[in-house]
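Trainee: Take this structure first; my questions come after.
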Amino acid sequence: MDEQTTTPQRREEAGDRTEAGTEAGTEDGTERGTKAGTEAEAGAGAGAGSEVGAGVGVVYGVTALALVASGLVHLVVFAVDGGPWNGPVSWRKPVTFGLSFGVTLWAVVWVTSFLRMSPRVRTALLGAFAADCVVEVGGITLQAWRKAPSHLNMETPFDTAVSMMLAVGGGVLVALLTVFAVASFRRRPTGPAGMALAVRSGFAILLVALASGAAMIARGVVLTRTGHQEAAYHSTAPLKPLHGVSLHAVLVLPASAWLMASRTSWSEKARWRITAAAVGCYAAAVVAAAVWAVLTY
């Protein structure tokens, strides 16, 4: 009788210690929960990743791989066909957009597995995001083969339709990624030490990329509508470094936290501090790009 009574009590006490460890990591801002609390969070993160469904996850992975492959194929096309690398009409755009959207899609699918949100909602949002990535890369690639600018091009009705489609698609991307960013701050992401900080910081910096992208489109559209087409094409240059640097923080920072947790024996405290330093360095790079954009705008 004593043993039967004590065993449930011990299990309950162990569960309380795990929860207390997790809460301690949240309250003091250093994520120094107990080992049991951290392991529980890591398990929750892995479980969340499987909630999307193996079949759907494969579809997202194949889609991301196809976008990356498209970028690499067009790099070969550029090597064979030649032409300018810069400018509104070049093979650079299908190369960089294919690689960037492919990597970003894969990163968002993986990083959102650490978010505490409804599996159905997450799956629906990821489906819309993947479709939008394909549309964006597809429109840009189509225009590259037509030897026509993809963005801010109002020369013909067809060019205008493609340009507006890309602009609307950009707005959809902003909305979807903002939802994920808000979700990361509403409830603490799961994962090993430093992952919550990395995920939140990654999404926060990603919002800078979205804002700079929206600013490029808005400025270009104004110039185009007022008859300054060439100026519109060149107006995006100052913001491109800021946009590019801040776009991939959502992959780099969580990946560094995951690698430290899975490949090193460092303590949780050390891993959290290294993650915090990485966030600081990345933020400094974003600030430097922003200053350069202001000075050259």
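Trainee: Of everything in segment 108-125 that's open to solvent by 50 Å² or more (accessible area, probe 1.4 Å) and not in a helix (DSSP H, G or I), which residue is farthest from residue 258 (Cα to Cα)?
Mentor: Taking the candidates together, the pick is 118.
Trainee: Does residue 250 fit the bill of being in a helix (DSSP H, G or I), over 18 Å from the mean Cα position of the chain (by Cα) and β-branched (Val, Ile, Thr)?
Mentor: No.
Trainee: Out of 204, 209, 278, report the one residue that is buried (at least 20 other Cβ atoms within 10 Å of the Cβ), under 15 Å from the mean Cα position of the chain (by Cα) and in a helix (DSSP H, G or I).
Mentor: Only one candidate passes the filter, namely 209.
Trainee: Between 142, 177, 197, which is part of a helix (DSSP H, G or I) and open to solvent by less than 30 Å² (accessible area, probe 1.4 Å)?
Mentor: Exactly one of 142, 177, 197 is part of a helix (DSSP H, G or I) and open to solvent by less than 30 Å² (accessible area, probe 1.4 Å), namely 177.
Trainee: Pairs, please: C-beta under 7 Å, at least 6 apart or cross-chain, first residue closer than 16 Å to residue 221 by Cβ and in segment 231-250, second among the basic types (Lys, Arg) and in a helix (DSSP H, G or I)?
Mentor: Here the result reads 235/219, each pair linking segment 231-250 to a residue that is among the basic types (Lys, Arg) and in a helix (DSSP H, G or I).
Trainee: Mind counting the residues in segment 240-274 that are within 30 Å of residue 92 (Cα to Cα) and open to solvent by 60 Å² or more (accessible area, probe 1.4 Å)?
Mentor: Residues that pass the stated criteria total 2.
Trainee: Please enumerate the residues belonging to segment 113-134 that are β-branched (Val, Ile, Thr) and under 17 Å from the mean Cα position of the chain (by Cα).
Mentor: Hits for segment 113-134 are 123, 134.
Trainee: Of everything in segment 219-236, what is open to solvent by 50 Å² or more (accessible area, probe 1.4 Å) and under 16 Å from residue 93 (Cα atoms)? Give them in sequence order.
Mentor: Across segment 219-236, the qualifying residue is only 234.
Trainee: Please name all residue pairs, on different chains or six or more residues apart, with Cβ atoms under 6 Å, provided the first residue is in segment 86-97 and is farther than 17 Å from residue 71 by Cβ and the second residue is open to solvent by 20 Å² or more (accessible area, probe 1.4 Å) and assigned to a helix (DSSP H, G or I).
Mentor: That search, which allows pairs on different chains as well, returns 88/233.
Trainee: Go through the residues of segment 72-93 one by one and say whether even a single one is part of a helix (DSSP H, G or I) and open to solvent by less than 10 Å² (accessible area, probe 1.4 Å).
Mentor: no
The values are calculated or read from the model by the stated rules, or taken from the named source; none is laboratory data. Please read all numbers here as calculations on a predicted model, not as lab measurements. A quick note on method: Cβ atoms are made from the backbone with ideal geometry, for glycine too, and the neighbour counts reach across all protein chains shown. The protein model used for the area step is the full one, side chains on, heavy atoms only, and it has no ligands, DNA or RNA in it. Shrake-Rupley method; radii C 1.70, N 1.55, O 1.52, S 1.80 Å.
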